[in-house]
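Engineer: Just dropping this structure here.
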Amino acid sequence: MRNRKTYVLGAVVLALTMAAVGTAAVLHGHSHASPKSCTIFTVSFGDKAFFGNNEDYINPETRYWVVPAGYGHYGAVYFGFDDMHPQGGINEKGLAYDWNGLPEAPLNDAPGLPIWPMDAGKYILSTCATVEEVIETAQRYSWGSGLGAQCQFADATGDAVVISAGADGELAFTRKPKGDGFLVSTNFNLATVSPSAARCWRYNRATSLLSEIDSEDALTVGYVTSILDATHQQGAAVNTVYSTVYDLRNGIIYLYHWHRFDDVVVLNVAEEVAGESKVVRIADLFPEDTVQDAENEYLRLQGIRTPWKPVAWVWAGLTIAALAFAFFDLARRRPMPLRPALAWGLVVLAFGPLGLAAYFICVPRRQQAAVPAWKHALGAAAFSAAGCALVWYVAVALASSTDALTPTHILIATYAVPFFVGLFAFRALWVMPRLGKNYVRALRWSVLTELASVSLASAGMYPVAWLLADLWFPLALDLSSPLAWFLVVLAALAGWLAVYPLNLWMARRRIVSQPLLITAGEGPGEPTLPTFRRIWFALLLSVALFVASLALTILYIAG
């Protein structure tokens with residue numbers, strides 16, 4: 001018996017440790033993974049040279065602005081957002097650029113080199129005409145202590161270079177092959193990561209399509225646009241908000257709004273820079289139906305136009321009504337001890353009408369009436385899941401108030417805290433009457449059942465919570481939205497279902513826990529204590545299910 005107990009406890013500890021380490025590693029890696037934004041390429045064949053860019057982000061307020069030519073600087077057309085920080089552009093000499101987001105990479109100190117007098121891309125476009133001049137200029141200035149991006153430049157000859165932080169901490173210059181060919185950059189550092197290691201589907205797709213160009217006639221604006229279409233992104237967290245194709249030799253810009261590639265606006269660089277300075281909202285250049293279609297998609301993806309928000313409001317109203325009715329019934333029609341009454345109040349608060357229905361199903365009209373095991377289990381499972389939901393509400397509030405949230409914090413807030421709160425504040429108190437009011441002994445007898453209960457509840461809650469968070473809050477959790485509260489409700493319902501079999505199993509075996517007390521009624525037979533010998537298999541199974549659920553959640557997050 002002692003050996004089996006040791007082996008099982010060792011397996012439980014090992015499984016939980018692996019789950020914690022795996023979650024921390026994957027989520028940490030995910031939080032520092034390459035941004036899923038922007039596909040850039042330069043391609044030339046014969047007398048043709050094009051520069052293509054998908055600007056992938058979520059801000060719909062996109063702009064283009066013109067800086068006319070002047071004494072000592074070239075005129076240029078820039079593209080970006082309403083913060084007027086240029087994301088890319090092209091100058092009158094046919095030199096173009098755009099940025100890929102990357103994880104921050106360190107750069108060595110550059111003593112004696114001046115800092116850039118303005119944004120690096122803007123300064124280069126105003127003073128350079130060729131890629132060779134770009135490289136020379138880039139080496140004359142300090143890029144700071146780190147670089148969280150790489151920048152691709154291309155000129156009218158079809159020459160191109162990607163500037164990024166090298167593995168040695170120096171600037172790295174990845175060149176396009178001379179003559180016919182192409183250079184693609186997405187969101188891995190071309191200087192330090194091989195394409196096969198990066199496994200970027202956009203890079204692979206663009207490379208495959210560009211490789212099919214075998215003649216000058218095959219290189220057309222339409223074909224370049226089709227590559228942008230094939231690599232565009234649309235989803236809750238990132239969208240291709242605009243796309244540009246620069247005909248580098250002829251100084252023509254083909255502009256597309258929000259991956260709507262059937263509508264194009266054509267701009268002539270020479271004509272633009274010959275006029276006055278101006279700032280234009282990109283959406284204003286396109287037909288109303290194109291803009292409206294894009295806006296509807298944006299609002300839908302951000303949860304602003306979603307049928308779930310009215311449902312959440314209705315559910316909130318029903319929860320308030322259910323809670324008021326439950327307290328009225330507890331006070332007037334079904335008086336019971338304080339602890340069970342508060343427990344049912346928590347259940348109704350967490351689950352609204354469903355919690356109220358469980359209350360009427362589980363609590364007998366007469367306090368001494370026998371209660372079937374399945375009713376004990378239904379009430380106990382509801383209470384366990386409601387306790388987790390309460391802790392999750394606090395965790396959500398704390399998470400939204402800090403920028404320093406780590407995977408360790410997430411595990412502590414959503415698994416460790418519910419376990420310790422449930423153990424010290426609830427479950428041990430339920431077991432105490434059977435142990436002669438000895439709280440320390442109650443803790444010892446309760447730890448295994450609480451671990452199994454929290455593991456199963458979490459197994460149900462984790463995947464549902466992450467899925468809904470990704471669907472409703474792709475950028476950041478909004479506590480002012482009823483969907484934030486409703487998210488926890490739906491996750492807790494999944495936890496309720498997941499933990500019910502454990503409580504039914506305990507209730508049928510008369511193991512002392514909430515099942516024997518929350519319903520304010522007793523079943524046949526004498527209750528027994530939750531010994532290791534009685535619940536070791538249930539404990540091991542619950543932890544295994546939790547680890548499996550956590551693994552699936554990690555795969556979803558990382559995917």
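Engineer: Which one is farthest from TYR64 (Cα to Cα) among residues in the range 108-132 that are exposed (fewer than 15 other Cβ atoms within 10 Å of the Cβ) and hydrophobic (A, V, I, L, M, F, W, C)? So that I can check it myself, show each step before the final result.
Structural biologist: So in the range 108-132, the residues exposed (fewer than 15 other Cβ atoms within 10 Å of the Cβ) come out as 108-109, 111-115, 117-119, 132.
Those left that are additionally hydrophobic (A, V, I, L, M, F, W, C): 113, 115, 118.
On the way: LEU113: 32, ILE115: 26, MET118: 18 Å.
The qualifying residue farthest from TYR64 (Cα to Cα) is LEU113.
Engineer: Please specify each residue of the range 252-277 satisfying the condition of being touching a Pro at 6+ places or on another chain (Cβ under 8 Å), crowded, with 18+ Cβ neighbours inside 10 Å and either over 17 Å from THR39 (Cβ atoms) or outside the structural domain of THR207 (by TED's automatic domain parsing) (or both). Quick ask: steps written out before the conclusion?
Structural biologist: Just the residues of the range 252-277 that are touching a Pro at 6+ places or on another chain (Cβ under 8 Å), to begin with: 258, 263, 273-277.
From what is left, the residues that are crowded, with 18+ Cβ neighbours inside 10 Å are 258, 273.
If the condition is that a residue be touching a Pro at 6+ places or on another chain (Cβ under 8 Å), crowded, with 18+ Cβ neighbours inside 10 Å and either over 17 Å from THR39 (Cβ atoms) or outside the structural domain of THR207 (by TED's automatic domain parsing) (or both), then VAL273 is the only one that fits.
Engineer: Enumerate the strands (runs of 3 or more DSSP E) found wholly within the range 55-150, keeping only those where 1 or more residues are over 23 Å from LEU267 (Cβ atoms). Break it down into steps so the answer makes sense when it comes.
Structural biologist: On the way: elements: 62-67, 76-81, 86-91, 96-106.
Here the list reads 96-106.
Engineer: I would also like to ask the following. Does ALA156 satisfy being assigned to a strand (DSSP E or B) and buried (at least 17 other Cβ atoms within 10 Å of the Cβ)?
Structural biologist: Working: assigned to a strand (DSSP E or B): no; buried (at least 17 other Cβ atoms within 10 Å of the Cβ): yes.
For ALA156, the condition - assigned to a strand (DSSP E or B) and buried (at least 17 other Cβ atoms within 10 Å of the Cβ) - is not met.
Engineer: From PHE546, PHE486, which residue is at pLDDT 70 or above, of a type outside the set (Asp, Glu) and buried (at least 23 other Cβ atoms within 10 Å of the Cβ)? Break it down stepwise before answering.
Structural biologist: Values: PHE486 fails: buried (at least 23 other Cβ atoms within 10 Å of the Cβ).
Being at pLDDT 70 or above, of a type outside the set (Asp, Glu) and buried (at least 23 other Cβ atoms within 10 Å of the Cβ) holds for just one of PHE546, PHE486, which is PHE546.
Engineer: Taking the range 205-219 only, how many residues are in contact (Cβ under 8 Å) with a residue 60 or more places away in the chain and β-branched (Val, Ile, Thr)? Don't jump to the end; show me each part of the working.
Structural biologist: Residues of the range 205-219 that are in contact (Cβ under 8 Å) with a residue 60 or more places away in the chain, as a first pass: 206, 210, 213, 215-216, 218-219.
From the residues that got through so far, the ones that are β-branched (Val, Ile, Thr) too are 213.
Looking only at that region, the number is 1.
Engineer: Go through the residues of the range 237-251 one by one and say whether even a single one is among the charged types (D, E, K, R) and surrounded by fewer than 18 Cβ atoms within 10 Å (Cβ to Cβ).
Structural biologist: Start the filter on the range 237-251 by keeping residues that are among the charged types (D, E, K, R), which leaves 247, 249.
Applying the additional criterion that residues be surrounded by fewer than 18 Cβ atoms within 10 Å (Cβ to Cβ) yields 249.
Yes, the range 237-251 contains a residue that is among the charged types (D, E, K, R) and surrounded by fewer than 18 Cβ atoms within 10 Å (Cβ to Cβ).
Engineer: Also: Return only the number of the condition from (1) over 24 Å from ILE252 (Cβ atoms); (2) crowded, with 16+ Cβ neighbours inside 10 Å; (3) touching a Cys at 6+ places or on another chain (Cβ under 9 Å) that GLU136 does not satisfy.
Structural biologist: Among (1) over 24 Å from ILE252 (Cβ atoms); (2) crowded, with 16+ Cβ neighbours inside 10 Å; (3) touching a Cys at 6+ places or on another chain (Cβ under 9 Å), the lone unmet condition for GLU136 is (2).
Engineer: Shifting gears a bit: Being farther than 20 Å from ASP56 by Cα, assigned by TED's automatic domain parsing to the domain that holds ASN250 and not hydrophobic (A, V, I, L, M, F, W, C) is true for just one of GLY101, GLY80, GLY112. Which residue is that? Working first, answer last.
Structural biologist: Details: GLY101 fails: farther than 20 Å from ASP56 by Cα; GLY80 fails: farther than 20 Å from ASP56 by Cα.
After applying the criteria, what remains is GLY112.
Engineer: Give me the residue from the range 294-317 that is within 21 Å of TYR64 (Cα to Cα) and not hydrophobic (A, V, I, L, M, F, W, C) and, out of that set, modelled with the highest pLDDT.
Structural biologist: Our first condition is that a residue be within 21 Å of TYR64 (Cα to Cα); within the range 294-317, this holds for 294-295, 298.
With the extra rule that they be not hydrophobic (A, V, I, L, M, F, W, C), the set shrinks to 295, 298.
Details: GLU295: 85, TYR298: 79.
The extreme case among them is GLU295.
Engineer: Looking at the range 49-85, which of its residues are closer than 14 Å to SER126 by Cβ and surrounded by 24 or more Cβ atoms within 10 Å (Cβ to Cβ)? Break it down into steps so the answer makes sense when it comes.
Structural biologist: Here is the first cut: in the range 49-85, the residues closer than 14 Å to SER126 by Cβ are 65-78.
Within the range 49-85, ALA76, VAL77 qualify.
Engineer: Within the range 90-107, can you find the residues that are surrounded by 13 or more Cβ atoms within 10 Å (Cβ to Cβ) and under 33 Å from the mean Cα position of the chain (by Cα)?
Structural biologist: Start the filter on the range 90-107 by keeping residues that are surrounded by 13 or more Cβ atoms within 10 Å (Cβ to Cβ), which leaves 90-103, 105, 107.
Residues satisfying the conditions are ALA96, TYR97, ASP98, TRP99, ASN100, GLY101, LEU102, PRO103, ALA105, LEU107.
Engineer: Identify, please: which residue in the range 394-432 is buried (at least 17 other Cβ atoms within 10 Å of the Cβ), over 17 Å from the mean Cα position of the chain (by Cα) and at pLDDT 80 or above and is, among those, farthest from ILE554 (Cα to Cα)?
Structural biologist: Checking each candidate, the answer is LEU423.
Engineer: Identify, from the list GLY101, GLY158, GLY144, the residue that is on the phi > 0 side of the Ramachandran plot and touching a strand residue (DSSP E or B) at 6+ places or on another chain (Cβ under 6 Å).
Structural biologist: Working: GLY101 fails: on the phi > 0 side of the Ramachandran plot; GLY144 fails: touching a strand residue (DSSP E or B) at 6+ places or on another chain (Cβ under 6 Å).
Result of the check over GLY101, GLY158, GLY144: GLY158.
The values are calculated or read from the model by the stated rules, or taken from the named source; none is laboratory data. What you see is a predicted model, and the numbers here were worked out from it, not measured in a lab. No Cβ is skipped: glycine too gets one built from the backbone with ideal geometry, and neighbour counts run over all protein chains shown.
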